[in-house]
Structure formats: structure tokens, C-alpha cells
Amino acid sequence: MKRISLIVGSFLSLGLLMQAPYAMSKPAELAKPSETATVTPQMLGLPDFTTLVEENNPVVVNISTTKKVAKRETRQFQGMPEELLRHFFGIPGFKMPDQDNQEPSAPKGEQQQESHSLGSGFIVSKDGYILTNNHVIEGADDIVVRMRNRQELKATVVGADARTDVALLKVEATDLPVAKIGRSNQLKPGQWVVAIGEPFGLDYTVTHGIVSAIGRALPDDTYVPFIQTDVPINPGNSGGPLFNLSGEVVGINAQIYSKSGGSMGLSFSIPIDIAMNVAEQLMDNGKVSRGFLGVQVQEVTSDLSKSFGLDVPTGALVGQTYPDTPAERAGIRAGDIILEFNGEKVTKSADLPPLVGVTKVNTPVNVKLLRQGKEIIVKVKLTELDKAEQVANYENGESESDRLGATVEALSKEELDALNLPFGVKVKSTADGAASKAGIRPGDILVTIDFQPVKSVDVLQQILKEAPEGRSLPVRVVRNKRSLFLPLILGK
């Protein structure tokens with residue numbers, strides 16, 4: 001023990017000796033503020049967002065909603081912030097400051113409590129019209145809008161559209177600051193953008209980033225070509241504005257991709273062009289009217305583009321034309337590739353639904369098609385969107401084809417009627433051959449091969465006998481009551 005003490009003492013003495021010169025030196029003067037010019041973001045080639053934020057903060061509002069929900073027990077955590085409880089612990093009965101995790105309404109007779117949530121929005125007229133997300137206010141019993149000056153006003157819902165997730169609110173006020181509305185169709189990937197909102201209840205939070213991509217199609221959102229950004233967006237930002245560097249609103253922040261509940265650099269905003277179209281219709285009519293064409297489309301892949309004689313994959317391939325629809329009346333057929341709609345290019349299948357949706361009904365528009373290698377233009381007069389039904393096939397027998405690499409069987413008239421098809425044969429099984437390589441599966445209904453109708457098993461065999469070798473042929477199949485095209489390459 002003594003030896004250890006001596007060693008420790010030696011080290012301590014050595015430490016004191018090493019520090020002595022510094023202890024005896026003259027104390028340094030305290031640092032003074034620099035008198036040289038401040039380095040600005042512009043000097044570094046970066047944008048300065050301060051003016052943009054100062055000018056646009058007043059047009060952003062906080063939206064709080066109250067909803068009656070079934071009462072749940074949470075007493076052991078009472079007093080803790082709700083957003084922290086739900087975010088970090090997932091405690092039932094607590095609400096994130098966003099409507100992304102909505103509580104179910106309380107059934108009649110069940111004990112109730114109030115559920116609160118927060119979101120964002122922005123003012124679009126001096127007399128109190130406000131845009132936000134539908135999911136922010138959906139099912140709310142009470143909506144309160146808080147301005148930048150902390151004034152709180154009760155809001156009513158003018159109208160909401162679940163398909164685009166846009167809602168229009170109204171507060172009783174005059175001479176309010178109004179957001180400048182830009183054009184989302186002029187956005188380009190790489191462009192700087194800024195979001196202002198209320199993430200996790202922290203009001204008037206500013207985040208920035210760039211446009212990562214445009215025209216993103218998300219599941220169940222076929223009518224919205226989303227703007228994808230890397231702007232940090234979190235629960236509570238929903239409904240808030242996305243600004244360009246000119247201080248113009250170009251989008252409404254709507255969704256994030258996250259496994260944790262927080263931002264992962266994948267944020268999605270509704271283009272302002274679509275949102276304002278919806279807002280104007282809600283203001284005028286209280287509802288949204290959309291154009292309906294009546295087709296089912298699929299992507300043109302690289303393999304399919306060769307089958308259709310295209311140099312590069314482009315357009316929306318029509319898999320089905322529904323009966324008694326504008327598309328059928330205009331003569332659009334399965335196998336047509338839609339290249340342009342109403343003067344706008346269709347480069348991928350996801351481009352078509354938003355173009356159709358914003359087109360006025362009962363107004364003739366031009367549609368450019370590629371049909372068996374030739375470009376044609378047809379006129380279509382859209383009707384209002386209805387629920388799409390299904391479409392189009394018939395016969396009897398069974399046959400195995402070595403060239404196709406599949407066993408097929410005929411369908412009875414009753415089976416075809418049930419599928420709403422005039423003709424077609426069913427694939428019973430596939431081997432390691434042309435059919436399986438094309439993606440044809442057991443249960444698929446073969447409808448056409450190289451645009452020739454497969455009216456029976458015998459007709460199929462004749463088509464296969466005469467079909468060219470080694471060339472990609474478009475094959476139309478019906479799978480799970482949906483029509484699609486596949487590229488088939490036959491051997492000898």
C-alpha cells in the first residue's frame with residue numbers, strides 16, 4: 001500500500017512541476033468580439049433564408065383540433081407531455097401532435113375523453129381562408145387556428161378532399177397576411193426549398209433542404225404526383241407550406257417515410273397547383289369534381305418498349321378499357337400507349353391519373369396514342385370520376401404447348417361472364433420456358449398475343465405456330481381481374 005502511495009505521490013509532484021510554468025505565466029487576455037466583417041452565407045455561395053422566413057412567418061398558422069375518443073387509463077404518466085409519451089413510449093390514449101395517428105371515435109354510451117392534436121396550415125386569402133391537410137382536421141369536433149401574433153380563432157371546415165389530402169378552413173377575420181402562391185410545375189430536383197411548421201408542437205420551426213424528386217406516385221395516392229424533398233418534416237408539420245427561394249408556396253407538407261416516427265430525409269409534399277385547384281373547387285362547390293377516362297394502365301418497361309417498337313420506354317400502356325366509359329367511346333383500346341394527354345407529355349404511367357383528374361369534365365381533349373407502331377390522336381370527352389369497374393373474354397378444352405412452355409385450358413361461358421371477358425384461355429401450369437420467363441403465371445387468362453385475340457385453345461395453338469421466333473411479342477393477360485401486358489419471346 002505504501003509503495004502505491006509513493007508512486008501516486010511522484011506522479012502528482014511531476015504533474016505540479018509540469019503545470020508550474022503555466023501557473024507563473026501572465027494570464028491571457030479575454031477574447032474580444034471580432035471587428036472584421038461577418039462571413040455571410042452568400043459569401044460561401046449558400047442561400048440566406050432569414051428574409052424569406054421573416055416575411056412568411058405571419059402567413060403560417062398552427063392548427064389544434066379536439067376530438068371525442070374512448071377514455072383510456074394513463075394515470076401513471078399524468079403530467080408528462082403527450083407527444084413525448086406517444087413518440088418514445090407508445091402509451092395508448094396519447095396523441096402525437098399530428099393527425100397521422102388518429103384515435104377512433106368513442107362508441108355511443110362509452111365513457112369519453114378529449115384527444116388533442118396539432119398541425120400546420122397557411123393563409124390563402126385576406127378574409128380568412130386557410131389551407132391544410134385533410135388528415136389534420138379529419139373527424140375533429142373543434143378546430144382552433146392560432147396566428148403568429150398568438151391570436152386564436154375558431155375555424156370551420158369549408159370542404160375537404162381525402163383523395164388529395166387537402167382541406168380548406170375558414171376563420172372570421174379581415175386583412176390577414178396572405179401567402180404568395182407559386183407554380184409547382186416549375187420545380188426541378190436540386191432546387192432549394194424551406195418548410196415552416198409545428199413539428200412536435202414546437203411552433204414556427206424552420207427547416208430547409210432540396211427537392212429530391214418530382215412526380216412521385218405513392219400507394220393509394222394515384223391523383224397526387226408528390227414532391228419529394230430531404231427537408232426535415234416531422235409530426236406536426238403536416239399541412240404547413242413548402243416555400244421556394246422566392247418566398248412562394250410550392251407545396252403542402254403531407255407525408256414522411258419513417259420507421260421511427262421522425263424524419264429520415266424522405267418527405268413528400270402535395271404540389272400547390274393541385275392543392276389550389278382543389279381549394280377553388282371546395283370554395284365554389286364544397287366538393288371536388290374529377291375527370292374520369294376509364295382505363296387501367298401499366299408501366300412500359302424496357303422489354304415491353306421493344307415489343308411495341310419504341311426506342312426508349314415511355315408513355316402509359318393501356319391494359320384495359322372499361323366498358324361504357326369515355327375511353328371506350330373514343331376508341332382507345334388495350335395495347336395502346338398513351339404518349340400525350342391534353343397537350344401534356346406522359347412519360348410514365350403515374351403521370352396519367354393526375355392529368356386526367358384535373359381536366360374539366362365534358363370538355364373534349366386530345367389524346368396521342370401509339371397503336372401498333374403508329375401515332376394517332378383521338379378526342380376524348382371526360383365524365384366525372386366514378387368507381388372503376390372491370391373489363392373484357394371466352395371457350396372449352398385443354399392443351400399443352402411446348403413452344404409456350406405452359407398448359408392451358410378453355411373457360412366456360414359462365415366463367416368468362418363472371419370475369420366480364422368475351423374470350424380467353426386459362427393458364428393451368430407453366431414449365432421452364434417462354435411463358436415463365438415472360439412472367440406468365442398459373443391462373444392467368446391469356447387474352448391476346450401480338451394483338452391477336454385468343455378466342456380458344458385451338459386459336460392459341462395457331463397463333464403460336466405462326467408467331468415469329470426471338471422477337472418480343474406483347475401478351476395481354478388478366479390476373480386477379482386486372483389486365484396487364486407482358487413481353488413474350490418464343491423459341492422454335
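The values are calculated or read from the model by the stated rules, or taken from the named source; none is laboratory data. Since the structure is predicted, the reported quantities are computational estimates derived from the model, not experimental observations. So basically every Cβ, Gly included, is an ideal-geometry build from the backbone, and we count neighbours across all protein chains shown.
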Could you check, for segment 212-219, whether at least one of its residues is in contact with a Pro (Cβ under 6 Å, 6 or more places away or on another chain) and assigned to a strand (DSSP E or B)?
yes
By residue number, the members of segment 327-361 that are more than 27 Å from Ile445 (Cβ to Cβ) and part of a strand (DSSP E or B) are Leu339, Glu340, Phe341, Glu344, Lys345
Which ones in segment 269-289 are surrounded by fewer than 22 Cβ atoms within 10 Å (Cβ to Cβ) and in contact with a Phe, Trp or Tyr (Cβ under 9 Å, 6 or more places away or on another chain)?
Met283
How many of the residues in segment 129-151 are at pLDDT below 95 and farther than 17 Å from Asn237 by Cα?
7
Look at Asp324 and say whether it is outside any helix (DSSP H, G or I) and on the phi > 0 side of the Ramachandran plot.
yes
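Residues are listed down the side, and each one gets a yes or a no for (1) touching a helix residue (DSSP H, G or I) at 6+ places or on another chain (Cβ under 6 Å); (2) of a type in the set (D, E, K, R); (3) under 22 Å from Pro323 (Cβ atoms):
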{"position": "Pro442", "(1), (2), (3)": "no, no, no"}
{"position": "Gly470", "(1), (2), (3)": "no, no, no"}
{"position": "Ser483", "(1), (2), (3)": "no, no, yes"}
{"position": "Lys492", "(1), (2), (3)": "no, yes, no"}
